[in-house]
1. I'd like to compare 47-53, 172-178: which one has the highest average count of other Cβ atoms within 10 Å, and what's the full order after that?
2. Hey, what do the phi angles of the stretch 14-31 turn into as Karplus ³J(HN,Hα) couplings, whole Hz, using 6.51/-1.76/1.60 and θ = phi - 60°, x for Gly and Pro?
3. Going by Cβ distance under 4.7 Å, what cysteines of the chain have no possible disulfide partner?
4. Obtain the nm distance between the two label points defined at residue 198 and residue 14 by a simple spin-label model: each point lies 7 Å from its Cα along the Cα-to-C-beta direction.
5. Considering only 176, 193, 95, whose Cα is most displaced toward the positive end of the charge dipole of the stretch 6-212, charges sitting on Cβ of Lys, Arg (+1) and Asp, Glu (-1)?
6. What is the dipole size for the chain, taken about its Cα centre, with +1 at each Lys and Arg Cβ and -1 at each Asp and Glu Cβ, in debye to the nearest 20?
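Nothing in this text is a laboratory measurement; each read-out follows from the coordinates by a stated rule. Being a predicted model, the structure only gives us computed values, none of them experimental. Here the Cβ is made from the backbone with ideal geometry for all residues, glycine too, and neighbour counts use every protein chain on show.
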Amino acid sequence: MAETDAGELADIEQGRKLFLRPCQFVAGAMTADQLPDMQLPEIAFAGRSNVGKSSLINALTNQKSLARTSQTPGRTRQLNFFDCGGQLCLVDLPGYGYAKASKTDIKAWTGLTLDFLKGRATLKRVMLLIDSRRGIGDKDREIMSIFDKSAVSWAVVLTKIDKLNASEKVTVTTNTLAEAAKHVAAWPGVFATSAEKTVGIDELRGHIFSLID
Ligand SMILES: Nc1nc2c(ncn2[C@@H]2O[C@H](COP(=O)(O)OP(=O)(O)OP(=O)(O)O)[C@@H](O)[C@H]2O)c(=O)[nH]1
Ligand SMILES: [Mg+2]
């Protein structure tokens, strides 16, 4: 990854301060009319079931259980909105790719998620989470093409990086960067994170700060 420059260091410091503010759950939406009004700049978190979306939101906000986490894939079934200090809103999107979810559930979730991605003027960026042990899969590629078509600006975040050794980290980061670079709507970088070991969290906070500044 590129060296951290002075601007990034300043963003990291501001990002750290941003997330010291209290964050709280504001709304859970399963239907369009339950979506909160567009007010604050929003950063959404997307990815397969169990990739670590809720855990990453907890790590960013320094809270153990702001967003619920679970061992059971498919747990987060609604779009959950968290207000951080009245400055920004984090959105925990329903996970995709969970085989055991009922078909009607999947349709309802993806329908609302798609509408949200397409019609949300306040949405600054979608963080697409990829499990670093699996790398980018076909379901993720489907989502990337949806982002591209919806003109959503997105960035890749690798999760659970604590599970990899040094050479595995280099391989997955290189491969992921190369694939993201093929998409014009993708931010040309990748964040390697561990919610469990608090790796890459400051960098991601800094990036989020730079998006809402
Ligand atoms: N080792 C490790 N495990 C993690 C990390 N982040 C999340 N996990 C584990 O991965 C599992 C799923 O995490 P969640 O945060 O619930 O995943 P999710 O993407 O919100 O899942 P859904 O809501 O079902 O879509 C949990 O058992 C977490 O403890 C990490 O950085 N390292
Ligand atoms: Mg979740």
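1. Details: 47-53: 24.4, 172-178: 16.3.
So the order, starting with the most tightly packed, is 47-53, 172-178.
2. With coefficients 6.51, -1.76 and 1.60, one gets 5, x, 4, 5, 4, 8, 7, 5, x, 10, 9, 5, 10, 6, x, 10, 10, 9 Hz.
3. Among the cysteines of the chain, those whose Cβ sits 4.7 Å or more from every other are 89.
4. 2.3 nm
5. Farthest towards the positive pole: 95.
6. Details: 27 positive and 24 negative charges, 164 e Å.
So the dipole magnitude of the chain works out to roughly 780 debye.
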